[in-house]
Amino acid sequence: MNTDFEQAMQAALQASRADDTAATLVHLQRAAALNPASPAPYFVLAAHHAQARDNDLAEAAFLECLQRAPGLAIARFQLGLLQLTTGRPAVAQVSWGPLLRGDDADALTLFAQGLVAMQAGDATLARERLLKGISLNLDNAPLNVDMQGVLDRLDRAVPPPAARAGSGAEDHFLIGAYRQG
């Protein structure tokens, strides 16, 4: 284990928690120089930039992370989510490609599938995938909170079938959202 690398990463995380951007960047650059093959500095850098809403730098850092670790599912999911939320659903689907073909028992696969279904207007499938993903995701509580927020917005736009019974609501959630607006 590279203790200098670990110390640089810990210092970067502490600086990030303290909202010290300059120190965060210095420590992440040091960590990347100490272990160029590690995806960790780039993942933390991507998260830091995403939190600061610097989407271009966040996307670039996620891509650097995935060059070093193509199988790092959380980085792939977050990259696609960033692309989706910045109005590029087709690009998000490309980034999510391996996740979309993943295991039905994997929360990130289910989340990606649910978000794609939502973009396609299939509220029923989106709801089912997101709910199942939340039930399986035991490792990342903040992500569950985010996905529950997506579900809540979806439920406001298109109430679940039991709540719509007899209401005449359309199955396509975008039409339902338009009518509610």
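Listed by position, the helices (runs of 4 or more DSSP H) contained in the stretch 51-153 that have at least 3 residues being in the same structural domain as residue 20 (by TED's automatic domain parsing) and under 23 Å from residue 17 (Cβ atoms) are 55-68, 73-85.
Hey, any hits in the stretch 157-175 for a residue that's outside the structural domain of residue 53 (by TED's automatic domain parsing), surrounded by fewer than 16 Cβ atoms within 10 Å (Cβ to Cβ) and either modelled with pLDDT of 95 or more or under 22 Å from residue 51 (Cβ atoms) (or both)? Within the stretch 157-175, not a single residue is outside the structural domain of residue 53 (by TED's automatic domain parsing), surrounded by fewer than 16 Cβ atoms within 10 Å (Cβ to Cβ) and either modelled with pLDDT of 95 or more or under 22 Å from residue 51 (Cβ atoms) (or both). Any residue at all in the stretch 35-46 that is without any contact (Cβ under 8 Å) to a residue 24 or more places away in the chain and in a helix (DSSP H, G or I)? Yes: one or more hits.
Looking only at residues of the stretch 19-31 that are within 23 Å of the chain's Cα centre (by Cα) and aliphatic (A, V, I, L, M), we find that the one that is surrounded by the fewest Cβ atoms within 10 Å (Cβ to Cβ) is 25.
Among the candidates 79, 125, 151, the residue that is in contact with a Phe, Trp or Tyr (Cβ under 6 Å, 6 or more places away or on another chain), at negative phi and of a type in the set (A, V, I, L, M, F, W, C) is uniquely 79.
The values are calculated or read from the model by the stated rules, or taken from the named source; none is laboratory data. All of these numbers come straight from a predicted model, not from anything done at the bench. Note that each Cβ is placed from the backbone with ideal geometry, even for glycine, and that neighbours are counted across all protein chains shown.
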